[in-house]
Amino acid sequence: MSHADPRIDAGDTLTGRLRRVLLQHGLAPDADPGPPLLQPAADVPTAPALLAQAHADPAARHDAQLLYTQCLRHFRQQVQDGSDLDDAALAAAYFVLMSLAAARGLQPDADDLTRVERQMRQRLGQGAAWLRAPLAERQCAFEQFALLGVLMGESARAAGQQGAAALAHVQQAARGYLRQMLGPGAERLNLSAQGLNLDRVAA
């Protein structure tokens with residue numbers, strides 16, 4: 001699976017507004033995460049076509065849409081274990097972990113994913129920000145998190161076999177995805193035994 005750059009512009013979409021929730025208010029590993037953030041899977045995904053619009057060439061746009069659709073299918077089948085309910089917190093956690101792993105050369109495991117999923121569930125569910133959003137926005141946000149997480153993970157694995165230049169490209173892309181999806185401050189994210197935490201800003 002080759003790497004492609006969708007050049008996300010979160011803007012005033014749900015993913016854009018969630019930036020403040022995920023980073024500016026901090027992360028609480030021990031907080032009650034609340035119920036899972038589940039929703040029915042959309043019959044027709046919207047994120048692959050939306051992200052593919054970044055490619056001006058029609059052939060490249062078509063190929064990108066196929067790739068993003070494949071990534072979304074992979075997430076639902078392999079990460080979500082074939083469930084017909086999409087899990088927003090799991091998708092957000094997978095995106096952050098895979099992007100952080102690619103950017104920092106980390107090797108997160110299933111326990112890391114479980115801890116980060118709880119954090120994402122607690123932060124996304126706080127104040128019902130997620131549930132108050134229109135279903136179409138929630139579906140698109142879920143799809144972006146899910147497919148980009150797979151894209152980043154697969155791209156990092158491929159780059160590991162292709163050499164230093166490929167790795168540098170994927171690391172740069174991973175840092176860009178984290179900034180675009182989570183906003184300023186994403187570079188402060190770290191992974192510990194308790195889950196995600198934020199580095200302190202130097203005085």
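The values are calculated or read from the model by the stated rules, or taken from the named source; none is laboratory data. Keep in mind that what you see is a predicted model, and the values were worked out from it rather than measured. When we count neighbours, we look across all protein chains shown, and the Cβ atoms used for this are built from the backbone with ideal geometry, even at glycine.
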Check PRO33, PRO48 and return the single one that is at pLDDT below 90 and surrounded by 16 or more Cβ atoms within 10 Å (Cβ to Cβ).
-> PRO33
Hey, could you check segment 57-82 for residues that are exposed (fewer than 13 other Cβ atoms within 10 Å of the Cβ) and outside any helix (DSSP H, G or I) and say which is modelled with the lowest pLDDT?
-> GLY82
Report the residue count in segment 137-174 for those that are farther than 15 Å from CYS71 by Cβ, within 16 Å of the chain's Cα centre (by Cα) and free of Cβ contacts under 8 Å to residues at least 60 places away in the same chain.
-> 1
Where in segment 110-203 are the helices (runs of 4 or more DSSP H), entirely inside, with at least 2 residues that are of a type in the set (Lys, Arg) and in contact with a Leu (Cβ under 8 Å, 6 or more places away or on another chain)?
-> 110-125
